[in-house]
1. How are the alpha carbon pair distances in the chain distributed across 5 Å bins from zero to the largest one, expressed in percent?
2. Starting from the Cα of LYS46, draw a straight line to each of the aspartates and glutamates and keep only those under 15 Å, dropping any in the same chain fewer than 8 residues away.
3. Report the extension gain between ARG28 and CYS8 in nm, rounded to one decimal, defined as 0.36 nm multiplied by the number of residues separating them, less their alpha carbon distance.
4. Using the structure shown, list the pairs from LYS99/LYS120; LYS39/LYS79; LYS79/LYS99; LYS52/LYS79; LYS52/LYS99; LYS39/LYS120 with a Cα-Cα distance above 19 Å, or answer none.
5. Where in the stretch 57-79 does the amide nitrogen come within less than 13 Å of the point 7 Å from the Cα of ALA116, taken along Cα to Cβ?
6. Rounded to the nearest 5, what % of the DSSP beta bridges within the stretch 4-153 are antiparallel ones?
7. How far is the Cα center of the stretch 68-122 from the Cα center of the stretch 1-38, in Å?
8. With only Lys, Arg, Asp and Glu charged, each at its Cβ (+1 for the first two, -1 for the last two), find how big the charge dipole of the chain is about the Cα centre; round to the nearest 20 debye.
Amino acid sequence: MFNTVDLCDQFAAELQIVQPLFRDFGARKQFSGQAATLKCFEDNSKVRECVKEAGNGRVLVVDAGGSFRCAMLGDQLAKLAMDNGWSGIVMYGCVRDTKQLATFDLGIKALAPMPARSEKRGEGIRDIEVAIPGAVVAPGNWVYADEDGIVIARRALV
């Protein structure tokens with residue numbers, strides 16, 4: 001087990017601390033794993049692609065540009081992620097179906113709820129460095145998230 005407070009106390013020089021803009025939406029409030037990354041804007045086609053794959057305990061970090069115009073994750077994609085073994089999703093954007101998301105054993109951090117769905121154009125880039133407020137996350141970095149926040153490390157800390 002871990003908590004981000006202790007990680008910050010013990011490994012401050014090794015961590016990037018994500019700005020406290022993200023809210024919890026999944027039932028799992030504490031989650032961690034190696035990062036899989038995705039950059040997309042108002043099109044969640046690649047999010048679907050990612051969560052359909054075996055998660056193997058990873059955390060999907062999505063740079064959705066911080067858009068508040070549509071949701072990039074809803075109950076169907078979150079259920080796929082949970083069923084396929086993802087530990088969590090950090091969405092620099094919005095989510096919908098929040099009542100359902102709260103019942104899934106999946107960590108979900110996002111900016112806000114938004115009822116409108118995204119476009120489906122097949123756009124997005126996977127497995128690149130992505131920027132979210134306070135951190136640049138590379139594929140394979142370690143993501144640790146709990147009720148106190150999100151921290152990013154280049155190596156496993158616990």
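1. 2, 11, 21, 26, 22, 12, 5, 2, 0
2. ASP63, GLU119, GLU123, ASP127
3. Values: separation 20, 0.36 × 20 = 7.20 nm, distance 2.07 nm.
Computed gain between ARG28 and CYS8 is 5.1 nm.
4. Too far apart for the 19 Å limit: LYS99/LYS120; LYS39/LYS79; LYS52/LYS99.
5. The answer is 67-72.
6. Values: 19 of 39 bridges.
Antiparallel: roughly 50 percent of the beta bridges in the stretch 4-153.
7. 18
8. Numbers: 19 positive and 20 negative charges, 90 e Å.
Dipole magnitude for the chain comes out near 440 debye.
Readers should treat all values here as calculations from the given coordinates under stated rules, not as data from a laboratory. A quick note: this is a predicted structure, and the numbers were derived from the prediction, not measured. Because the Cβ atoms are built from the backbone with ideal geometry, glycine has one as well, and the counts that use them run over all protein chains shown.
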